[in-house]
Structure formats: C-alpha cells, structure tokens
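The values are calculated or read from the model by the stated rules, or taken from the named source; none is laboratory data. It should be emphasised that the depicted structure is a prediction, and the values quoted were computed from it without experimental measurement. Here Cβ is always computed from backbone atoms with ideal geometry, including for glycine, and neighbour counts include all displayed protein chains. Just so you know, the surface numbers come from the protein's heavy atoms only, side chains and all, with ligands and any DNA or RNA stripped out. Shrake-Rupley method; radii C 1.70, N 1.55, O 1.52, S 1.80 Å.
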Amino acid sequence: MTEPIIGIRDLRKTFRSGEVDVHALRGVDLAVERGEFLAVVGPSGSGKSTLFHILGGLTPPTSGTVLIDGQDLMKMSDSDRTRLRKTSVGFVFQKYNLLPTLTVGDNIEIARDIAHRKGPFDQQFREVLDVLGIANKLDRKPRQLSGGEQQRVAIARSIVNHPAILLADEPTGNLDTENSTAVLDLLRDLNRRLGQTILMITHNPEAAAFADRIVHMRDGQLHAS
Amino acid sequence: MPRYNGFLVYKLVWENLKHRPVRTLLSSLAIGLGVTMMLTLVGVGEGMLRDQEARTRGVGADIIIRPSGSSAIGITPPNINEKLVAWAMEQPHVAQATGVVIYPLGGVSTVHGVDFEALTKMSDGFTFLEGRPFQVGAQEAVIDEYYAKEKKLHTGSIVKMLNRDWRVAGVFRGGKLTRMMLPKTLLQDVTANTGKVSVIYVKLDSPARTAEVIAHLKQTLTDYPIYSMDELASQFSVNSIPELKTFIGVVMTLSVLFGFLVVFLAMYTAILERTREIGILKALGAGQGYVLGILLRETVLLAVIGSLMGIGMSYATRWLIATFIPASMTQAIVYHWWPIASAITLGGALLGVMYPAIKAARQDALESLSYD
Ligand SMILES: Nc1ncnc2c1ncn2[C@@H]1O[C@H](COP(=O)(O)OP(=O)(O)OP(=O)(O)O)[C@@H](O)[C@H]1O
Ligand SMILES: [Mg+2]
C-alpha cells in the first residue's frame, strides 16, 4: 500500500476567544488515500470547517501530526502555509468566492498567476472546462452567471494548478437540487477522470452518497460510519 | 524572491479602479490638485521672473546703476541725484544714459516715471497699439496691453493714482521696462522727489566694452551697485527670492500631506470593501507581497492619473491668469517640474497607502472567508 496523501494523528485545535478556550478539534485521526473522494458530515459546530482550514493551511494546528503529500503542517511557518495553499491545495467554499471585477477566465488565470504558472491552459484543463460547461463563458463577469455556474468556475479555479487535494466546504450549500446534482456529478467525474483527491463537507446525506467514503464529525472527533 | 506575471495584476487593479469610477475620479482629482498647486506656483514664479527679465532687457541698456545700499532687484526709492545721469553721459564709450523714477504705490505695484523720448531712443522705439506717448508735463500715462486688458483701460480712460487723475494717452506693446509709465518730472514733483531717480540705465557705443566701463564707473561711484544687463538678468531666478522658495516648500509639503490623506482614505475604504477579495486571493495562495503589490500598483496608477489631471489643470490656471489678470501675473509652463511635482505627489500617495496596504497584507484569510 502506498503512503496516504493525508495522514492525521491526534490533531487538536483550540481557539481562544476571550477568556474561554474553544476546543474545536479534540484528537482527530484520519488517513486519506490518493485519489479518494471522501465526504465529511456532522452537526453544526462540530469542527468540520476547522479541520479543512488546517488541512488547507489557512490556520495552524494546535497539536498533533498532519502530513499532506509528505509535508508536515505542524512544522510550517506562515509562508510555508502560503506555499502549501499555492501548490498543494485547492479550495471550494459554500459561497462562490469569485473576484467580482474579473472575468471568469481571469478568475481562473489569477490562481495560475499567484502560482507563477504561465502560458495557455493545458489540454486536460480545457477538457475540464468543457465538462464543467463554462468553456464558452470565460469572458463573462461572475454576476452574469447563475449560482451553479459560479460554483463550477470556483471548482475549475481550485484545480487549475493540479493540487494534491481539493477541499470543498459545503459546495452545494447555496444551490438548488438541480444545480447541486450537477456540481456533485462534476466532482465525482473529476475524481474518476483525473484521479483528483477530494474532501467534501456536506450536511446533505444525498450529497454525501456521491463520495467513496463517509466520515462523521462529532464534538471535534471523527468516526467512521 | 517571487516573480509575478504582472499583467493580470494590472488588469485586476484597473478593473478595481473602474469598478468605483467616482471614487477613482475624485481621488485622482484630489491628488491632481496638489500637482496643480505646485505647477501653478512654480509656473507663476518662473513666468513673472522671465517676464520681468524680458522687460528689463527690453530697455536696451547695457549697464544699470542702482542706489547705494540697494539689492539687484526689488523696489528702490528714488535717491540717486539726477545730476549723475548727465555725468554718466560724459563717460567714455557711453552712448546714452537715462534716469527712471520708481515709486511704490503700496503692495508690490509701482509706477515708473520716465523720460519717454530718451527711453524710446535707448530701446529702439515703442509700438503703440492705441493712442500716442504722453506729453511732457501733461498729467498723462501710457500703459502696456496687459495692464489695459486686465484693468479694461483705453486711450482716454482715467486712472486714479497719487490722489490725482491721470489720462491714458496710449497703449503700447508690452515687453519694455514696465506696464505703466508717467512723465518723469511730474512724478518727481508730485512725490516730492524733484531731482532724484531710482535707477540709471546706460547704453554703450559698443556692448563689448561693458566690463571696462563698469570698472571705470566704479572708480567714482564707489558704493553704488553697478550691474551689466547679464548680471542683472541672472538675478531674476527663484533662488534670489527666498520668500518664493519658502512658499514653494510649503506648497510641496501640503501636496505630500494632501496625497497622503487622500490615498489613505481612499485605499483604507477600498480594502475594507475588499476584505473578501483579499481573503480569496490569500486562500489561493497569494502571500503578503502579492496583496501589497496589488495595492501599491493601484496607488501608483491613481497617482499617475492624478498627475496627468494635475498637469492638465495647470494649463487651465494658466489660461485663467492670462485671461483675467495678465498684468498682475504670468504663468509659465515649467516642463522640468512635471516629473518633480508628480514624484512628490507619488511620495505622499505611497506614504498614504502604507498603513492600509500592510493591514490588508496581514489580514487573516479566514476572517473574510468565514461564512456570513
Ligand atoms: N476563529 C474562531 N475563533 C473561535 N472559535 C472558533 C473559530 N472558528 C471556529 N470556532 C469554533 O469552533 C467550533 C467548530 O467550528 P467549525 O466552523 O469548524 O464548525 P462546522 O462543523 O464547520 O460547523 P458548520 O456546519 O456550522 O459549518 C465552533 O464551536 C466554533 O464556534
Ligand atoms: Mg463549517
């Protein structure tokens, strides 16, 4: 068996808000294989987003071991985490998070600009754009697109730099059933077609069913189903 | 060091500026006002000095004798004995000499009393656009075209000065000595300066002999400042007017302050408004340098637009001055001050963006991405 792309042992995260300590994560253990599509479900406030933010290098862990693609997050400085976000991780959020003043195409390009990648999109990514159904909408501004289309642009942007993992935090949370199904189909397609490792948070059991595996978060700890 | 593709960042910056056109326009206009203030002030200083120099040269003299204890330029009360004019005429190589009375009217305005016939001869003649020279002894004045335009005067108009009514006898083409001249003897008598002049202009039979003649004159007129026309002309510079230098310094400081405040406010509100966008960029892996770079470029662009507007507006102030107060002021367009004024403004703008930009660069990505 190859080494897992994500290896987490006894991960803890404590927020200090005012006088009280909030224990958002209380000893998380998780291993994710390369090419896996994992769904994380659980009640509100259980620590799902916090886990993703740590995996994505948006906030440092308090203690424990977190290895992503062989890199130890515990040992990372701020600028190491910036580099991690640039090269190894793609984010998709519940809100579409596109830059409103740039066109769809430039929203995708700027992710490449930040990662110092140049030149035209590669063939594989062009196909992805076709599959996502946004190849002919690159010149539009985000507000001229539907919510579902905007979320598909955000997905395209999140994988344009070929990240090791794609983290999707409630990607269908703002979408109607039809658009949700389309987005979930696409995520599964990306996972199958490109072997993209995907971790997805969702409240919706039907959405979770698209994944290969489902884990449950409760009170800052993960449980297999 | 990271290397940025650049183009896309400029596009983002440009789109951001376009996204808030009123904010962009007003910020650059305010930045531009600082540039205009500097350019207009320097332009007026330069324009008036050049104008004064040209008028002084227009007299046609080679040597100027000033009263003892006076500076090269500036207003001089009449206290040279007029007999010196006749004495000067007798010196070797002197072709002609004429005394001029300069009488202050309050503030910076003066009136000149001249021997019009002698002055005409020295300066190769006056061109009259209207009327004729004043008649000796008559209570008449001649004025130049700029004075006529600003004060809306014509031949036959009455000018009140020194408690008397002076009739405008004619309007001459500007560029000679001054803007308004009265008969010398009458001005001397009216101001109780009979037999005294403020300056003596001397013309030589050969300008090449200027130094030689000055040396000769100084043997007798030991404590009189005596200048060649070139020496005097070199005094018409900003450096010889400390007040102007100070004032330019004040305006430069104000422009820096102005640029600082405008950009501080504009960029501070801009980053508050763009908290989310900054968070997105950070989530995509943009470091502090990338965010800083965007805001710095935006500021530079604002300053460049502002400077261009400021330069444009300095042409507008020149037009206003030339149209409404051509006799009181002349504004030159001083090209080499364009980059100076722009750089000063850019300096203020960059100081202004420092705090907002650092705040934005340090902003926690999560803060802005937390859902609602
Ligand atoms: N920056 C923070 N400062 C303090 N407490 C925080 C912070 N971020 C999260 N928390 C707390 O940590 C706990 C876990 O929050 P988290 O956002 O991870 O939950 P979640 O499972 O994503 O919930 P939801 O399903 O509502 O998105 C909550 O109690 C939350 O209030
Ligand atoms: Mg959450």
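Details
- Pair-distance profile P(r), taking every C-alpha pair of region A:55-108, with 10 angstrom steps and integer %: 21, 43, 26, 10, 0
- Top of A:LEU194, A:LEU98, A:LEU73 by mean-square fluctuation, Gaussian network on chain A, Cα under 10 Å: A:LEU194
- Kirkwood radius and radius of gyration were both taken over the C-alpha atoms of chain B, and their ratio Rg/Rh is 1.20.
- Cα-based radius of gyration for region B:67-224, normalised by 2.2 N^0.38 Å, reads 1.07.
- Length-normalised contact order for chain B - Cα pairs under 8 Å, 6+ apart - percent: 30 percent
- Summed residue charge, Cβ within 11 Å of A:ASP212's Cβ, Lys/Arg positive, Asp/Glu negative: +1
- Prolate/oblate/rounded call for region B:268-367, Cα gyration tensor, a/c under 1.5 rounded: prolate
- B:SER234/B:LEU8 FRET efficiency (R0 56 Å; Cβ-Cβ; nearest 0.05): 0.55
- Residue-normalised accessible area of region B:238-372, given per residue in Å² at a 1.4 Å probe: 47 Å²
- Amide H contacts of B:GLU130 (H built 1.01 Å from N, under 5 Å, at least 5 apart or other chain): B:VAL171
- Relative contact order (%) - chain A, alpha-carbon pairs under 8 angstrom, separation at least six: 31 percent
- Of the residues A:GLY220, B:GLY279, A:ALA208, the one whose Cα sits farthest towards the positive end of the charge dipole of the protein assembly as shown is B:GLY279 (charges of +1 on Lys and Arg Cβ, -1 on Asp and Glu Cβ, taken about the Cα centre).
- Pairs from the list B:LYS151/B:LYS245; A:LYS48/A:LYS75; B:LYS121/B:LYS149; B:LYS152/B:LYS203; B:LYS83/B:LYS152 with a Cα-Cα gap above 28 Å: B:LYS151/B:LYS245; B:LYS152/B:LYS203; B:LYS83/B:LYS152.
- Pairs from A:LYS86/B:LYS11; A:LYS13/B:LYS359; A:LYS86/A:LYS137; B:LYS176/B:LYS218 whose Cα-Cα separation, in the structure shown, is over 22 Å: A:LYS13/B:LYS359; A:LYS86/A:LYS137; B:LYS176/B:LYS218
- B:ARG209 paired with A:HIS203, simple spin-label distance in nm, labels 7 Å along Cα-to-beta-carbon: 10.7 nm
- Computed from phi, the 3J(HN,Hα) profile of region B:318-324 under the Karplus parametrisation 6.51, -1.76, 1.60 (θ = phi - 60°) reads 4, 5, 4, 5, 5, 8, 9 Hz, with x in place of Gly and Pro.
- Mean Kyte hydropathy of 0.5 or more with a Cα span along the axis of at least 15 Å, helices from DSSP in chain A: none
- Chain B: angle of helix B:242-273 to the longest principal axis, Cα-based, in degrees nearest 10: 20 degrees
- Accessible area buried, both sides summed, chains B and A with 1.4 Å probe, Å²: 2700 Å²
- Calculated on C-alpha atoms, the gyration radius of region A:73-161 divided by its Kirkwood radius gives an Rg/Rh of 1.00.
- A:ARG188-B:VAL22 FRET efficiency (beta carbon distance; Förster radius 51 Å; 0.05 resolution): 0.65
- Each Cα pair under 8 Å and six or more residues apart adds its sequence gap; the mean of these over the residue count of region B:67-224 is a relative contact order of 33 percent.
- Two-site label geometry, B:ILE340 and A:LYS118: point separation in nm, points 7 Å out along Cα→Cβ: 4.0 nm
- Under 5 Å, built H, 5+ apart or other chain: amide partners of A:GLN94: A:ASP169
- Translational diffusion coefficient (Stokes-Einstein; Kirkwood radius from C-alpha pairs) of the protein assembly as shown at 4 °C, 1.567 mPa s, in µm²/s: 43 µm²/s
- Taking the centroid of alpha carbons for each part, region B:318-372 and region A:186-224 are 52 Å apart.
- In a reduced charge model with +1 at each Lys and Arg Cβ and -1 at each Asp and Glu Cβ, region B:67-224 shows a dipole moment near 340 debye about its Cα centre.
- Under the convention that each Lys and Arg Cβ holds +1 and each Asp and Glu Cβ holds -1, the size of the dipole of chain A around its Cα centre is about 440 debye.
- Coarse-grained scattering of chain A at q = 0.11, 0.13, 0.16 Å⁻¹, given as base-10 log I(q)/I(0) from a Debye sum over alpha-carbon atoms: -0.53, -0.75, -1.13
- Neighbour count of at most 13 Cβ within 10 Å plus DSSP loop: longest chymotrypsin sites (Phe, Trp or Tyr not before Pro)-free window in chain B: B:1-334
- Near the amide H of B:LEU284, within less than 5 Å, lie no amide hydrogens of residues on another chain or at least 5 residues away, with H placed in the peptide plane.
- Applied to region B:143-150, the Karplus parametrisation 6.51 cos²θ - 1.76 cosθ + 1.60 on θ = phi - 60° returns per-residue 3J(HN,Hα) values of 10, 8, 4, 5, 5, 4, 5, 5 Hz, with x for Gly and Pro.
- GNM result for chain A, Cα springs below 10 Å: residue of A:SER146, A:SER46, A:SER17 fluctuating most strongly: A:SER17
- Per-atom-type breakdown for chain B gives carbon and sulfur 62% of the accessible area (1.4 Å probe, protein chains only).
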